[in-house]
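Heads up, the thing below is written out as structure tokens.
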Amino acid sequence: MSPVIDIQGLAYRRASERSDAEDFRLALDTFELQAGEVMGIAGPSGCGKSTLIDLLALLRRPTAADRFQLMGDDAASLWARGAVAACTDLRARHVGVVLQTGGLLPSLPVIENVMLQQQLLGRPDSAHARALVAALDLAGLEHRLPAQLSIGQRQRVAIARAVAHRPALVLADEPTASLGIDHAPAAMAMLLSLARDQGSALVIVSHDAALLERHRVPLRHCRVERGVLMLGAVS
């Protein structure tokens, strides 16, 4: 079975805005996930974890990539040709992203936020969206606007939206950072359960390695070698 995502020799470099600071550099030797596989990436705030999520989600163009395949499509070749629209389409079809700030559209009620990507893809499935809302303990809130929700409720809506179009790959960027210690474990458990039930590969980026370890998520730790951010081996 082909992996959901298969990367080799990926490099990214971003020029520093300060003349006295080094450029930000990231290197990823290998990264591969099969359907249903979960990977956690842990490291301190500001080390570049969100940049890595952007690269995996095809939101940033890598400086170089020997191999970058997503669901069998050659993203490295698309980037090399400057085919930005094709990368956008690939991301829309196969990737769901949970942002640490939720990223909900403030003018849309809960159910429309959850169904947003379904609608954009022309695959509305209200039954599935409502089942996700219920599974995340949001039943009865379908017609509320994000401003009428608690922080925890908004983050659960964001999780539902990220998985509602049944993406092959779910990327979660600090999905529990705004929830606090009382609500973070439950939200993490829900995210893992939903991805498992849908067979999605899941990448969770977090500064809270202990939380990931408690949920038995295999980890790769960020480290810096000679000014380059790299990922350690799976632990």
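The values are calculated or read from the model by the stated rules, or taken from the named source; none is laboratory data. Bear in mind that the values here come from a model prediction, so they are computed numbers and not experimental data. All Cβ positions, glycine included, derive from the backbone under ideal geometry; neighbour counts span all protein chains shown.
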Query raised in the report: Before we move on, is PRO124 touching a residue at least 40 places away in the same chain (Cβ under 8 Å) and either over 22 Å from THR101 (Cβ atoms) or of a type in the set (Gly, Ala, Ser) (or both)?
Result: no
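Conditions (1) surrounded by fewer than 17 Cβ atoms within 10 Å (Cβ to Cβ); (2) among the aliphatic types (A, V, I, L, M); (3) more than 20 Å from ARG93 (Cβ to Cβ); (4) over 11 Å from the mean Cα position of the chain (by Cα), marked per residue:
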position	(1), (2), (3), (4)
ALA172	no, yes, no, no
ILE181	yes, yes, yes, yes
ALA189	yes, yes, yes, yes
LEU192	no, yes, yes, yes
ARG196	yes, no, yes, yes
GLY199	yes, no, no, yes
ILE204	no, yes, yes, no
Query raised in the report: Just checking, how many residues over segment 65-88 are surrounded by fewer than 14 Cβ atoms within 10 Å (Cβ to Cβ) and either in contact with a Cys (Cβ under 8 Å, 6 or more places away or on another chain) or closer than 21 Å to PHE24 by Cα (or both)?
Result: 1
Query raised in the report: If you scan segment 39-83, which residues turn out to be in a helix (DSSP H, G or I), of a type outside the set (Asp, Glu) and under 24 Å from ALA195 (Cβ atoms)?
Result: LYS49, SER50, THR51, LEU52, ILE53, LEU55, LEU56, ALA75
Query raised in the report: Name the pairs whose Cβ atoms lie under 6 Å apart, with the first residue in segment 162-176 and modelled with pLDDT under 90, the second of a type outside the set (S, T, N, Q) and outside any helix (DSSP H, G or I), and 6 or more positions between them or separate chains?
Result: PRO175/VAL98
Query raised in the report: For segment 98-149, which fully contained helices (runs of 4 or more DSSP H) count at least 2 residues that are among the hydrophobic types (A, V, I, L, M, F, W, C) and surrounded by 15 or more Cβ atoms within 10 Å (Cβ to Cβ)?
Result: 110-114, 126-135
Query raised in the report: Hey, does segment 201-217 have a residue that's at pLDDT 85 or above and on the phi > 0 side of the Ramachandran plot?
Result: yes
Query raised in the report: Just wondering, is there one or more residues in segment 18-35 that are under 18 Å from the mean Cα position of the chain (by Cα), exposed (fewer than 15 other Cβ atoms within 10 Å of the Cβ) and not in a strand (DSSP E or B)?
Result: yes
**Report entry** Check on GLU22, among the charged types (D, E, K, R), on the phi < 0 side of the Ramachandran plot and out of contact with any strand residue (DSSP E or B) (no Cβ under 9 Å at 6 or more places or on another chain)
**Finding:** yes
